[in-house]
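The values are calculated or read from the model by the stated rules, or taken from the named source; none is laboratory data. The structure displayed is predicted, hence computed values, not measured ones. Quick reminder, even Gly has a Cβ in these numbers, built from the backbone with ideal geometry, and neighbours come from all protein chains shown.
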Number of protein chains: 2
Amino acid sequence: MREIVSGELKRASPSQLKDICGEIREEILSAVSVCGGHLSSNLGAVELTVALHRVFDFPRDKIVFDVGHQCYAHKLLSGRVGAFRTLRQEGGLSGFPKRGESEYDCYGTGHAGTAISAALGFAKARDLKGEDHAVIALVGDGSFNNGLIYEALNSLKILKTNVLIVLNDNGMSISETVGSMAAVLKEMRSAGEGCGGEELRGSCCELSGRADAIPAEDVRLFEHFGLRYMGVVNGHDMGELLASLEQAKAALKEGSVLLHVHTRKGFGHAFCENAPTETHGVGSGGGTEYSAALGEELARLAEKDKRVIAVTAAMTDSLGLRGFFEKFPGRAFDVGICEEHASILCASLAAAGMRPYYAIYSTFLQRAYDEIIHDVCAQALPVVFCIDRAGITGRDGETHQGVFDLSYLSLIPNLTIAIPKDIAEFRAMLRMSIHMDGPLAIRYPRESTEGAEQPESSLEMGKFEVLHSTMSDIVLLAAGERCLHIARRVLWRARREGLDATLINARFLKPLDEGLLSAIGAHTVITLEDNVLIGGLGDAVSRFYRSSGKKIFSFGYPDAFIPHGAVGDLMREYGLDEDAVLACIREHYARR
Amino acid sequence: MREIVSGELKRASPSQLKDICGEIREEILSAVSVCGGHLSSNLGAVELTVALHRVFDFPRDKIVFDVGHQCYAHKLLSGRVGAFRTLRQEGGLSGFPKRGESEYDCYGTGHAGTAISAALGFAKARDLKGEDHAVIALVGDGSFNNGLIYEALNSLKILKTNVLIVLNDNGMSISETVGSMAAVLKEMRSAGEGCGGEELRGSCCELSGRADAIPAEDVRLFEHFGLRYMGVVNGHDMGELLASLEQAKAALKEGSVLLHVHTRKGFGHAFCENAPTETHGVGSGGGTEYSAALGEELARLAEKDKRVIAVTAAMTDSLGLRGFFEKFPGRAFDVGICEEHASILCASLAAAGMRPYYAIYSTFLQRAYDEIIHDVCAQALPVVFCIDRAGITGRDGETHQGVFDLSYLSLIPNLTIAIPKDIAEFRAMLRMSIHMDGPLAIRYPRESTEGAEQPESSLEMGKFEVLHSTMSDIVLLAAGERCLHIARRVLWRARREGLDATLINARFLKPLDEGLLSAIGAHTVITLEDNVLIGGLGDAVSRFYRSSGKKIFSFGYPDAFIPHGAVGDLMREYGLDEDAVLACIREHYARR
């Protein structure tokens, strides 16, 4: 598509605006089909974004995108058409707003629920500096479940500043939004539209001026927090959007405003509209996924053991738990984007004798850090954290890499940390977990590079596995399937050069297999982990061997945020490089 | 006081119940005057706790105390009178509910906002197991600001189970509760009581049956979440409490209930009622405190620099910021118990050009972990975290020790971590911080053991300070005032034995002073830190010296949760022991 030049939007006629929306939609579809990315959420926000750019004056006015996965139209309207086909490619545009990328991206996001807090900071700074511009938080209904939103709303009156909250309500998180707030919003949508709320299409019904149809107590829910409620607006009717936004802009002089916009996820593309969950994110996955094994194995456990419960925070499908939820609806809970609450729920379920399995992405587990320490581990409760998307996750960039978990978990007392070498071992760990009497974290990447299942290894709690034993003076300790894959390739190359090394599957970071480590006679120990080096496996091994005279070389990621790119490329570039490991073996090779 | 034997409460007459309340109040006052502890919050909850024990059947019924600092009457009513004078003493009763201590403590707490989530877990487990008992969450109004409460309320309907939420509303957190929810609760209290809400005394006015005076939209606020709202009840009128709790117990058969109880913090003790903030916690502090220096130095900075802002999460007084708040009301924000929101607010204030200082206790900062990573550090924004109560904090036990921060912070890219050696250096670090262009964490304990200010050292970013230089083959690296105090005493004793060591103030954990470390010729390096050993200073130094042949010995805390006790005792017992450090010097002493 062509670059929309400055001022063009401001002058465009209604039909020209419609054309621009069409161009943007086409460009998003084309780019995502090449680069992957978030599809349905972006298609659903096109008219709304165009209307915001028409009514407000960015970058003078500030907009914070909650989660940020719906910012594509914004990028296309802020001088980034030319770069758009580099979306999510290394060195190219980020799939999320990013301060370094454009002055139009005033605040970077990636995780849910941060936008209103962030908008309040910009608004307060504006007031203190005596400036005059609008600050907008664009928030999806899925994020409205998150506690952060409540904390921010609760402080609107404390901060005495004005922000515009645009609630982009499509009734969906990745899948359907759950919980009481979602029900309230749905009630408001339905009442406000007077057309059942289910059949939003272009301008199927007159929506404006129906605010008085919405139950006063629902409106009051927002007014409690000092917000003027405006809505419900049809998010695909440009005329209605423009009128409402102008009205909201004017109202902003008097106080904070919540504009409730009803959109349809995937709007404008029949396939996406009909399959919004499946087209939420379009990736380049492939191969067997750990998530599928999780769902299967948990279901097997649940059949035999009535104590087994699965908990997720709005990620049922991507964590592989759809089947479990269908089979055991009474023992499967999706609590919405509430990672903290989910952790405590698991802790108390465990305290009451149940066996909760909490499946979550590595990066989102950061949200529950205090609860892991304070609720689960301080009480040594048998909660199993199934940590998916661990290690480098690739194209979503800094905010989504799962490269910190080994470090932030390893310092927590009472926690066992397991890292399976393949899907068969992952299944064995899950079966083992049912007999544990304390908390366990199992971390794994998305895909199994092996593709097929391995014969099952004999798994023993806290014990490493020796995969290849030699008289070489070098030992390779590799954690997890990706690192073992690299280690095996390195060994294969090394042996062609007449070199060799012992290879160990370091499948428990905690407890560390001190017995095996003590027995290692080799003088050079090389560790590999799909994690930052600070605080991970390398450090744990170094701590053990401190003052032993052994030489330890650790491969993993440096002390930096890792941007978006392809998983394999990033792993290699940021520290897990076969050539470098091989060079290390060459340099230190000797026979014992 | 005597032990209240089983069944006694159930049979007691109204006047006997009143006597029991009197006995409990006396016992709490006496014990706290000896052992320290939470005073006003416990005094205010006596009648409510007696009434709960009368109406419900613990431990069959389950009760979760939010924060848990108001559980003293519960302990006295559950067989722990005899042990009560060991409160908060090492090996004695915990000041918080603790699973290991009594079957009446079904769930341990310490941090705010967890009780409803925990109650939901117990309730759901009960349903799944086909049991029949009540589950109660006792929550203060201060916690109602926290996002966790909202996340739990939002999932009431998802979980389809029944809990009783008792809102113990005294209008106070540690100081007055802030925010919109607090305003709503105040409105409800006032309307429900019809006596202004400010003059709650025994039975000054008829309270029962006034629920219809409460605005319907306020009640609806809770009904949205699937709660039946009951209130407002006078929390010091036993008759009213018992009637309401019986009513709530019956209603629990039909669904979840919120019982709104109005109490007065410090009730029954004139001094506490009049000074609830000052008598919230009664400790055995003393000496100069870092918090006072923080308040003074920030005020000085704020006078010169209009960008300076102070943010706290309901801890203004204990963090030393009362004066700042009075002097700069427009640039000081207490957002309530919302550690996550506060962090993002700081991040966006910094993104907009301000210089936010976020003061918080080490243990509570765990709540904001994702926001430190995702909002502050990934964007490299100049937010200064002033981390008070770092290291062992003592008598509040496991949930309040600040012994993890060096570890969980050191793995975060872009973050500078400073550990002042005394208050003068702390002030210098604060002055330095105003010129930094990225995030900074400064961590310090409550008290300065030195008592007086030291002459100011010349502080250089990322540079250690050599305090004592010798030709000994041993170097001591100590982080923070407490560890330097131990190191100095060890050195003094060592020199009396003809031994010696170089002493270095390791005042930046990150960036590590690699220049100085490289220049150290000694072969034995001893590190001291008031933190767990995993992931802290010792590990960072070991990582640097890896493969150097140096011997590293690290002193700090083991991989365990540290219970309550006196700070000095715990430090010594858990790993910072003068004798042990001296023994290490004796063993490795040599001259270079």
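Here are some notes:
- Residues in the stretch A:507-524 that are touching a helix residue (DSSP H, G or I) at 6+ places or on another chain (Cβ under 6 Å) and crowded, with 24+ Cβ neighbours inside 10 Å: A:509 alone.
- Number of the condition not met by residue B:296 [criteria: (1) under 20 Å from residue B:433 (Cα atoms); (2) surrounded by 20 or more Cβ atoms within 10 Å (Cβ to Cβ)]: (2)
- Residue in the stretch A:73-83 that is within 14 Å of another protein chain (Cβ to nearest Cβ) and crowded, with 23+ Cβ neighbours inside 10 Å present: no
- Subset tally (residues that are assigned to a loop (DSSP other than H, G, I, E, B) and without any contact (Cβ under 8 Å) to a residue 40 or more places away in the chain) for the stretch A:571-592: 1
- Counting the residues of the stretch B:417-446 that are of a type in the set (A, V, I, L, M, F, W, C), farther than 19 Å from residue B:512 by Cβ and surrounded by 21 or more Cβ atoms within 10 Å (Cβ to Cβ) gives 3.
- One residue alone among B:321, B:245 is touching a residue at least 60 places away in the same chain (Cβ under 8 Å) and either more than 14 Å from chain A (Cβ to nearest Cβ) or surrounded by 20 or more Cβ atoms within 10 Å (Cβ to Cβ) (or both), and that residue is B:245.
- Count - residues of the stretch B:326-356 that are more than 7 Å from chain A (Cβ to nearest Cβ) and either in a loop (DSSP other than H, G, I, E, B) or in contact with a Cys (Cβ under 7 Å, 6 or more places away or on another chain) (or both): 3
- Whether a residue is at pLDDT 95 or above, among the aliphatic types (A, V, I, L, M), surrounded by fewer than 20 Cβ atoms within 10 Å (Cβ to Cβ) and under 21 Å from residue B:247 (Cβ atoms) was assessed, and residue B:51 does not pass this test.
- Where a residue in the stretch A:282-306 is over 16 Å from residue A:325 (Cα atoms) and hydroxyl-bearing (Ser, Thr, Tyr) and its partner, wherever it lies, is at pLDDT below 95 and in a helix (DSSP H, G or I), with Cβ under 7 Å and at least six apart: A:288/A:423; A:290/A:423
- The residues of the stretch A:485-506 that are without any contact (Cβ under 8 Å) to a residue 40 or more places away in the chain, over 17 Å from residue A:421 (Cβ atoms) and either buried (at least 24 other Cβ atoms within 10 Å of the Cβ) or of a type in the set (Lys, Arg) (or both), listed by number, are A:495, A:496.
- Residues being at pLDDT 95 or above, surrounded by 19 or more Cβ atoms within 10 Å (Cβ to Cβ) and farther than 16 Å from residue B:538 by Cα are entirely absent from the stretch A:534-544.
- The residues of the stretch B:528-540 that are at the interface with another protein chain (Cβ under 10 Å from one of its Cβ atoms) and farther than 19 Å from residue B:570 by Cα, listed by number, are B:535, B:538, B:539, B:540.
- Residue list for the stretch A:558-570, filter: in a loop (DSSP other than H, G, I, E, B) and more than 14 Å from chain B (Cβ to nearest Cβ): A:565, A:566
- Selection status of residue A:87, of a type in the set (A, V, I, L, M) and in contact with an Asp or Glu (Cβ under 9 Å, 6 or more places away or on another chain): no
- For the stretch B:334-354, residues that are crowded, with 22+ Cβ neighbours inside 10 Å and farther than 25 Å from residue B:393 by Cβ total 9.
- Filter result for residue A:344 (in contact with a Pro (Cβ under 7 Å, 6 or more places away or on another chain), in contact (Cβ under 8 Å) with a residue 12 or more places away in the chain, closer than 16 Å to residue B:159 by Cβ and not assigned by TED's automatic domain parsing to the domain that holds residue A:140): no
- For the stretch B:324-341, a residue qualifies if it is of a type in the set (A, V, I, L, M) and in contact (Cβ under 8 Å) with a residue 24 or more places away in the chain, and the qualifying residues are B:335, B:337.
- Residues (more than 15 Å from residue B:109 (Cβ to Cβ) and either at the interface with chain B (Cβ under 9 Å from one of its Cβ atoms) or among the hydroxyl-bearing types (Ser, Thr, Tyr) (or both)) located in the stretch A:359-371: A:361, A:362, A:363, A:364, A:365, A:366, A:367, A:368, A:369
- Residue count for the stretch A:390-437, restricted to those that are touching a Pro at 6+ places or on another chain (Cβ under 7 Å) and among the charged types (D, E, K, R): 2.
- The residues in the stretch B:138-186 that are at the interface with another protein chain (Cβ under 10 Å from one of its Cβ atoms) and either buried (at least 23 other Cβ atoms within 10 Å of the Cβ) or at negative phi (or both) can be counted, and the count is 23.
- The set of residues from the stretch B:541-557 being touching a Gly at 6+ places or on another chain (Cβ under 6 Å) and facing chain A (nearest Cβ under 9 Å) comprises just one member, B:554.
- Among (1) within 10 Å of chain A (Cβ to nearest Cβ); (2) touching a residue at least 60 places away in the same chain (Cβ under 8 Å); (3) more than 20 Å from residue A:311 (Cα to Cα); (4) of a type in the set (Gly, Ala, Ser), the one test that residue B:100 misses: (2)
- Whenever a residue of the stretch B:472-484 is of a type in the set (D, E, K, R), its partners that are part of a helix (DSSP H, G or I), lying with C-beta atoms within less than 8 angstrom and at least six residues away or across chains, give the pairs B:473/B:588; B:482/B:571.
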